[in-house]
Each structure stands twice: as structure tokens, then as C-alpha cells.
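Before any comments, here is the structure.
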Amino acid sequence: MPETVIFTVIIGIIIVLITVFVVRSIMAPHKIATLASLVKQGKNAAAIRLAKKIVAQDPRNADARYFLGLAYLAEDRPELGMMEFGMINQIGQFSQYCPEIPFRKKIAELYAKFNQTDEALKEYLILIKREPEVSDHYFQAGRLFEERRSSSKAVEYYHRAVELNPRNWEAQFNLGMLQYRNQNSGEAKQALDASIKVNPENHAAYFYLGRLLKEKQDFTAAILTFDKAQRDPAYKTRAIIEKGACYMSMNSFDKAIIELERALKVAGEAEENEILYARYFLSISRERTRDIEGALEQWEKIHAKQPNFKDVAQKLAQYQDLRQDDRVKDFLIVSQERFLEICRAIAASMGLAVQDISAIPNGCQIIAVESQSKWRNARRVPKLVRILRTPEPVDESTVRSFHEEMKSINVNRGVVISSSGFSRSAAGFVESRPVELWGKEKLKDLLIKADQG
């Protein structure tokens with residue numbers, strides 16, 4: 001009798017277990033299907049509740065964890081979504097509800113989002129094995145290699161992405177930018193051009209293509225390219241500044257001033273570094289057009305923000321006489337006609353009679369003779385005088401060409417007068433030659449004498 005009871009109990013337990021298993025086997029897929037429907041309908045709170053119940057009963061249920069992760073992501077809770085996807089990766093089971101390819105794409109994005117570059121890269125390399133003809137997998141892998149500073153690998157994967165899909169403009173752009181940073185200008189230009197061809201709204205590509213053209217001194221083409229780049233607010237200020245720099249390189253300083261002033265008007269408060277460069281280029285352009293006061297205004301604003309910016313401190317020191325001496329100011333900023341009159345007066349203050357005076361770039365040149373001599377019948381010695389109002393110190397090449405001109409017109413004595421001084425090499429060149437170099441202090445004395453005369 002006891003044996004019969006025990007046997008009956010065991011049979012009953014087995015039947016209950018089988019029943020539970022069968023019920024679960026029937027109900028589990030139904031619950032997963034319901035879960036999938038809830039996520040699809042955007043009913044994320046309900047999906048999370050149901051998924052948690054399923055996971056509590058079956059922690060290795062990858063399907064439930066997959067939909068739980070998707071619901072968390074839809075609710076903008078990526079940290080929790082990442083935890084669920086990480087568990088699925090450990091389980092390593094995939095199904096029609098938790099398909100491997102979409103799962104790996106999603107977890108790779110999450111790894112990248114949380115700066116787990118190595119883990120994200122592993123996922124994309126697996127995706128490349130699973131789907132070797134998908135361009136985007138190579139593009140994403142290339143991007144991650146680039147983050148790891150594996151430049152050669154990044155180039156390799158970007159190239160493969162482009163080979164598989166020439167219309168992958170993002171891969172073309174990233175390849176172009178990587179080549180640009182590696183100073184491979186030919187490859188960079190080719191990739192950026194290809195990116196623009198597919199996506200004409202890629203204003204960033206226009207901007208860096210413009211820089212490449214500018215570096216090649218193709219300024220006209222660069223300006224047209226920067227015009228297109230400036231349509232994007234993110235590149236607007238920088239593109240206008242680059243246009244101004246192009247005009248400066250073309251010696252079109254009036255056009256440069258227009259562009260650089262426009263850059264200052266459109267610049268936002270966050271673009272402080274760009275503003276400094278716009279002001280600096282504007283100051284140089286104004287200096288070149290003899291608007292020294294306008295240049296000083298920009299240098300002072302730069303100096304107030306960043307005292308050690310480029311040569312601004314030196315420029316302010318160079319032109320400090322402008323505030324203290326109106327004669328120096330007039331010398332630097334007057335019209336060409338008035339400047340020649342001042343140069344005549346300077347020659348007279350030197351005791352010279354002007355025989356010929358002509359305008360030259362940034363100054364004038366005078367052929368003169370001594371107006372009187374100690375000896376009545378003595379031959380008056382001719383002298384060549386070059387007076388310069390240039391912002392840069394006069395270099396050796398300028399002095400050397402001056403000396404050659406002296407020899408060509410048979411003049412044995414010469415003087416170069418500069419408002420900005422001379423380089424060391426220029427001073428060294430004239431040590432054994434009949435050329436005198438007079439700098440700013442001597443010029444100030446001559447202007448006083450000329451004014452008094």
C-alpha cells in the first residue's frame with residue numbers, strides 16, 4: 001500500500017511538471033509576441049513591466065531582454081538598455097525575436113555612445129564577417145580605428161566602404177578629412193570632391209576643400225568654395241574669414257576688409273578664437289591700406305582679450321609714436337601725393353636738391369645732389385634716397401636691390417630711410433658698402449626739420 005501511494009505521488013508530480021512545462025512552452029512565445037507588439041506600438045512602460053516578469057522567471061531569456069533593452073532605449077534610459085544588451089551578449093543566443101545583425105548594430109552603437117571604442121570595434125568586425133558586402137560596417141569600423149589613432153587602418157576601411165558603395169558620402173568625407181590631416185592634399189581633395197558630388201549639402205567638405213585650394217594659391221576657386229561653405233551656420237564665420245585671407249593673399253585689401261568686417265558682424269559669442277583671427281587679419285589689411293588708426297583699434301581689442309596673440313604687442317609698440325607725434329602719423333597715413341611732398345621736404349632737410357622723385361611700392365625714391373658745397377667749383381655728388389613707410393622691417397633683399405640700382409645709374413652714395421627699421425641681415429649687408437640705413441628715430445628728427453623748414 002505505501003509503495004502504491006508513493007508511486008502515485010511521483011506520477012502526479014511528473015504530470016504537474018510536464019503540465020507546467022507545456023503551459024510555459026505554449027505561453028512563453030505568446031508573451032514574447034505580446035512583448036514585441038508592445039514595443040512596436042511604443043507602449044514602453046507596459047513592455048518593461050512584462051519583460052521584467054519574464055526575465056525574473058527566466059534570466060537567460062534573450063528575447064525578453066532584447067525587448068526590455070529596446071524599451072529602455074525608447075524611454076531614453078540608455079544605461080539600462082546597455083545592461084540588458086550586455087547580458088544578451090553573454091548569453092549568445094539569437095532568434096527571430098532577437099536577430100543577431102540588428103542586435104549587434106544596436107550594441108555597437110551603445111558601446112560607441114559610452115566610449116567603449118574597443119568593444120564597439122569588435123562588434124563591427126563581427127558584422128563585417130556576417131555581412132561582408134555592407135559598406136556602412138566598414139565605415140563605422142574605420143571611424144573607430146580613427147578614434148584609436150590607427151590612421152592607416154582607418155584609411156583601409158574607409159577605402160573599402162567607398163569601394164562597396166561609392167555613394168557613401170560620409171565615408172568619402174571622413175577619408176578626405178583624414179587625408180587632409182595627414183597632409184595628403186591630392187587624396188584629400190579627391191575624396192572631398194566625391195563626397196560633395198553625392199551630397200551637395202555637405203558644407204563641411206566645401207570648407208576644407210576651400211582650404212586645400214587656398215594652400216595651392218588657387219584663391220579664386222577657394223573663394224567660390226568658401227561661398228558655399230558659409231551657408232552652414234557652423235562654418236559661416238570661418239568661411240568668411242578664409243575668404244578675407246584669400247583676398248589678402250591676392251593683395252585685394254579693400255575686399256578683404258569688407259569680408260572680415262562681415263565676419264565680425266555674424267560671429268557668435270562662442271567663436272572667440274575666430275573673432276581674434278578676424279580682427280587680426282582686419283588689422284593687417286587696414287595697415288596695408290594706410291588706415292593705421294583702424295588697425296590700432298583692432299590690435300587694442302585683440303590685446304585686451306589675449307595680450308600674447310601673434311605679434312600684436314609688437315605692433316602696438318611699433319605704432320605708439322602715432323599717438324604722440326602727429327608728424328609720424330601724417331607720414332604713415334597721408335595720400336600718395338601728400339607723401340611725395342613730405343619726402344621732398346625731408347630731402348631738403350638733408351641738404352639735398354631733388355632732381356627726380358618717383359613713387360614706389362610703400363614709399364618713394366629720390367635722385368638728388370647736395371644743394372651747396374664748401375668749395376665753389378666742387379662737383380656736387382649725386383645721391384640716391386629711398387624713403388619707405390612699410391609696416392615690416394626692411395630686409396636684406398630690399399637693401400641689396402637698392403644697392404644694385406645705385407650701380408646701374410652710377411650713383412656712389414645712397415640712403416634708405418624706413419619708418420619700421422631694418423633686419424640684422426640688412427644692417428650687415430651695408431657695413432662695407434656706401435649705403436646708410438636710417439630708422440624711425442632718425443626719421444622723426446628729419447620730419448621735425450622738414451616741418452620747421
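Brief remarks follow.
- Residues of the range 99-131 satisfying the condition of being β-branched (Val, Ile, Thr) and surrounded by fewer than 19 Cβ atoms within 10 Å (Cβ to Cβ): 101, 117, 126, 128
- One residue from 263, 313, 267 being closer than 18 Å to residue 420 by Cα and small (Gly, Ala, Ser): 313
- Matching residues in the range 55-72 - criterion: being surrounded by fewer than 20 Cβ atoms within 10 Å (Cβ to Cβ) and either in contact (Cβ under 8 Å) with a residue 12 or more places away in the chain or not small (Gly, Ala, Ser) (or both): 55, 57, 58, 59, 60
- Selection over the range 428-451 of residues that are surrounded by fewer than 16 Cβ atoms within 10 Å (Cβ to Cβ), out of contact with any strand residue (DSSP E or B) (no Cβ under 6 Å at 6 or more places or on another chain) and without any contact (Cβ under 8 Å) to a residue 60 or more places away in the chain gives a count of 7.
- The range 132-158: number of residues that are of a type in the set (D, E, K, R) and surrounded by 17 or more Cβ atoms within 10 Å (Cβ to Cβ): 3
- Residues in the range 299-342 that are among the polar types (S, T, N, Q) and part of a helix (DSSP H, G or I) were compared, and the one that is least open to solvent (accessible area, probe 1.4 Å) is 318.
- Whichever residue in the range 193-214 is part of a helix (DSSP H, G or I) and farther than 13 Å from residue 226 by Cβ and, among such residues, is most open to solvent (accessible area, probe 1.4 Å): 197
- Qualifying residue in the range 339-346 (condition: under 33 Å from the mean Cα position of the chain (by Cα) and either at negative phi or of a type outside the set (S, T, N, Q) (or both)): no
- Selection of first residues in the range 312-340 that are within 30 Å of residue 277 (Cβ to Cβ) and of second residues that are of a type in the set (Phe, Trp, Tyr), restricted to Cβ pairs under 6 Å at least 6 apart or on distinct chains, gives the following pairs, ordered by first then second residue: 312/299; 315/299; 316/299.
- Test: residue in the range 361-379 that is at pLDDT below 95, closer than 30 Å to residue 285 by Cβ and surrounded by fewer than 18 Cβ atoms within 10 Å (Cβ to Cβ): yes
- Being farther than 30 Å from residue 357 by Cα, at pLDDT below 95, out of contact with any His (no Cβ under 9 Å at 6 or more places or on another chain) and not aliphatic (A, V, I, L, M) is a description that does not apply to residue 336.
- Residue 389 being of a type in the set (Lys, Arg), at negative phi and either free of Cβ contacts under 8 Å to residues at least 12 places away in the same chain or in contact with an Asp or Glu (Cβ under 7 Å, 6 or more places away or on another chain) (or both): no
- The set of residues in the range 390-417 being open to solvent by less than 20 Å² (accessible area, probe 1.4 Å), within 13 Å of residue 365 (Cβ to Cβ), within 42 Å of the chain's Cα centre (by Cα) and of a type outside the set (Phe, Trp, Tyr) consists of 416, 417.
- Options 259, 287, 274; residue that is at pLDDT 95 or above, surrounded by 17 or more Cβ atoms within 10 Å (Cβ to Cβ), part of a helix (DSSP H, G or I) and of a type outside the set (Phe, Trp, Tyr): 259
- Single residue of the range 161-180 satisfying the filter (open to solvent by 80 Å² or more (accessible area, probe 1.4 Å) and either assigned to a helix (DSSP H, G or I) or of a type in the set (Asp, Glu) (or both)) that is nearest to residue 117 (Cα to Cα): 170
- Considering the range 222-256, the residues that are open to solvent by 70 Å² or more (accessible area, probe 1.4 Å) and not in a helix (DSSP H, G or I) include one that is nearest to residue 282 (Cα to Cα), namely 251.
- Within the range 150-160, the set of residues being in a helix (DSSP H, G or I) and without any contact (Cβ under 8 Å) to a residue 12 or more places away in the chain comprises 152, 153.
- Residue count for the range 77-93, restricted to those that are open to solvent by less than 20 Å² (accessible area, probe 1.4 Å) and in contact with a Gly (Cβ under 6 Å, 6 or more places away or on another chain): 2.
- Consider the range 343-356 and keep the residues that are free of Cβ contacts under 8 Å to residues at least 60 places away in the same chain and farther than 20 Å from residue 437 by Cβ. The one that is surrounded by the fewest Cβ atoms within 10 Å (Cβ to Cβ) is 356.
- Set 190, 183, 96: member being closer than 30 Å to residue 64 by Cα, polar (S, T, N, Q) and open to solvent by 30 Å² or more (accessible area, probe 1.4 Å): 96
The values are calculated or read from the model by the stated rules, or taken from the named source; none is laboratory data. On a predicted model such as this, the values are computed, not experimentally measured, just so you know. Ideal geometry is used to build each Cβ from the backbone, glycine not excepted, and the neighbour counts take in all protein chains shown. Only protein heavy atoms, including side chains, enter the accessible area calculation; ligands, DNA and RNA are left aside. Shrake-Rupley method; radii C 1.70, N 1.55, O 1.52, S 1.80 Å.
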